[in-house]
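Right, one structure below, let's go through it.
Each value in this text was obtained by applying a stated rule to the coordinates, not by laboratory testing. Values in this document were obtained by computation on a predicted structure and should not be read as measured data. With ideal geometry, Cβ positions are generated from the backbone for all residues, glycine too; neighbour counts draw on all protein chains shown.
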């Protein structure tokens, strides 16, 4: 560590480690993605219908919005640790912790997205004789989709990041190498850290592209990144929930 | 540089019950107040204070950087996109990975932890401050200029006060995020509430990690409430405007 030359060497060694251990890292990446996929599948099934339904009814805003603040305040390390204390170690228990972390951003965004659909559009749809189900499926959902998707994207990246802590609770992920410096030394730790960072960035970018793809054309114009404030917790109609990744 | 982190599933660790607390009688209890009382002053309180220090330093430095960038970008619009791209990139890197990637540069030090924590505040603070400034109505700005205000007066007396709600929204999110992420700093520096959580993770005795994790959540919620009160105190005009 320290001055330029050795720092360069550290990273050269890290890339050499990646080159030498492709199959190990690939195997761990698959474990990482399996954990992420399982947790996301469950969290999606719980959070999206609930958020969309509450938003459609315009009810439960306090819970639906504040759950993401509480979610943000929950340290993922502590949650994994709670999981170990309560449930013991293993894949399922880590997955449960990840589900708990993935639900709040998706629930809040789904609620805010559907709740915030332009009331004029909903009224027009009702005036055309649409049933509540049709209003939900053909007006509210398409208009809410980009923001719902933003919540899914936040959750995916957050879960990928947190799955790195899985080995602390006895499940396998790319974190295996990062938290086991005794075995893999600094080059291994750095190499795996690079892999995790790349995985998170790839997920973020591909979901950003997907989000653009699902945005109805009429909504695409105008909004420039960096000009949209993140509203204070518990306020504002459009809450774009983003988490830093732990 | 040797920094061994035994995994949770390694050899069973003999529970450490602290100094003669009542938990010895019931080691299976999930939570034991006696332990918390006995170990408050030598374990939990120092960790809590370190955690607060880690957070305050990160928020202080992060605010200084983000706010100077935002003020510059407010005048020179082209700066916005590069800043958002770079800070967004930093924001996406998982913290455990970012902490480790900084180790070759700054070692297993508090500096490493702070650099990572600061980098997570930038995107939120920058976006919110810039959005707050951009949302100041053009008429208000024109009126201020018409009254003969200089650029500096315009900024300090008109634009910044009007941007306060957005700025505070960003601060609240950044503070809560940093408090939560600072627990991960335990992998590079043995400070903050992450230390007792990590220690607890390696034992079958769960009181320590539940107490430390709970303290961390409480600290986040308390700081959030404190910022709400602070915002009210320094923007008395907003209270009247509310419905």
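Orientation-averaged projection of segment A:134-225 equals 8.0 nm² [convex hull of Cα atoms, one quarter of hull surface area]. Helix B:80-92 axis versus longest C-alpha principal axis of chain B: approximately 10°, rounded to the nearest ten. Return the calculated 222 nm mean residue ellipticity for the protein assembly as shown, to the nearest 500 deg cm²/dmol, obtained by summing -39500 (n - 2.57) across DSSP H runs with n ≥ 4 and dividing by the residue count. Calculated at 222 nm, the ellipticity per residue is -23000 deg cm²/dmol.
Take each residue in B:219-229, count the other chain C-beta atoms within 10 Å of its C-beta, and the mean is 2. Of interest is the spacing of the C-alpha centroids, which for segment B:46-83 and segment A:148-163 amounts to 24 Å.
For the segment A:190-198, counting C-beta atoms of other chains within 10 Å of every residue's C-beta and taking the mean gives 5.
Calculate the length of the line joining the C-alpha centroid of segment B:197-243 to that of segment A:88-116, in whole Å. Answer, in whole Å: 21. Over chain B, Cα pairs under 8 Å with separation of 6+ residues give a relative contact order of 27 percent. Relative contact order of chain A, taken over Cα pairs closer than 8 Å and 6 or more residues apart, is 28 percent. Note on B:120, B:198: ascending count of other Cβ atoms within 10 Å places them as B:198, B:120, the fewest first. Remark: A:164, A:215 ranked as A:215, A:164, counting other beta-carbon atoms within 10 Å and listing the fewest first. Residue by residue along A:78-91, Cβ atoms of other protein chains within 10 Å of the local Cβ number 6 on average. Protection proxy ranking for A:107-113, A:87-93, using the average of other Cβ atoms within 10 Å per residue and placing the highest first: A:107-113, A:87-93.
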